[in-house]
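J.: What follows is a structure written as structure tokens; I'll ask about it next.
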Amino acid sequence: MADFIRGSVTGDVTEVPGIGPAAAKKLACGEGDEKVTNTYQLIGKFLMLKGPDDDDNKVESMEHCEKFWYWLQDKGISAHRSAIVKAVACKVNGLFPGVYDPDLYDDDDDE
């Protein structure tokens with residue numbers, strides 16, 4: 001996971017820890033915005049789930065990661081969802097500090 005977080009994004013969705021060929025195929029299913037074929041789109045989907053914010057509710061780290069976890073579940077990803085969420089969240093947090101708070105999660109959840 002450390003190599004992914006520190007390294008450059010190549011675009012190959014299988015570079016994300018926890019995503020293998022079977023998961024990549026499931027992510028590529030769908031139409032429009034639901035079809036994810038590269039790492040950039042996966043990160044984009046993660047960022048899209050950060051909102052919507054309004055005066056009464058701001059999507060914080062825990063809710064944001066849960067929304068992404070459930071979106072992966074809806075896409076049929078049945079293995080390593082927590083690891084995928086953590087990898088993408090950590091990567092994005094390096095680009096946008098504060099998007100993810102690792103202190104809210106136990107290290108034991110890495111599946």
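The values are calculated or read from the model by the stated rules, or taken from the named source; none is laboratory data. It should be emphasised that the depicted structure is a prediction, and the values quoted were computed from it without experimental measurement. Don't worry about glycine lacking a Cβ; one is built from the backbone with ideal geometry, like all the others, and counts go over all protein chains shown. The protein model used for the area step is the full one, side chains on, heavy atoms only, and it has no ligands, DNA or RNA in it. Shrake-Rupley method; radii C 1.70, N 1.55, O 1.52, S 1.80 Å.
J.: Considering the stretch 1-40 alone, what residues qualify as being polar (S, T, N, Q), in contact with a helix residue (DSSP H, G or I) (Cβ under 8 Å, 6 or more places away or on another chain) and surrounded by fewer than 17 Cβ atoms within 10 Å (Cβ to Cβ)?
T.: The answer is Thr10, Thr14, Thr37.
J.: Have a look at Ile77, Ile84 and point out the one that is open to solvent by less than 30 Å² (accessible area, probe 1.4 Å), outside any helix (DSSP H, G or I) and touching a residue at least 12 places away in the same chain (Cβ under 8 Å).
T.: Only one candidate qualifies: Ile77.
J.: Mind listing whichever residues of the stretch 13-34 are more than 14 Å from the chain's Cα centre (by Cα) and not in a helix (DSSP H, G or I)?
T.: Gly20, Ala28, Cys29, Gly30, Glu31
J.: Just one of the numbered conditions (1) touching a helix residue (DSSP H, G or I) at 6+ places or on another chain (Cβ under 6 Å); (2) in a helix (DSSP H, G or I); (3) among the basic types (Lys, Arg) is not true of Lys45; which one?
T.: (1)
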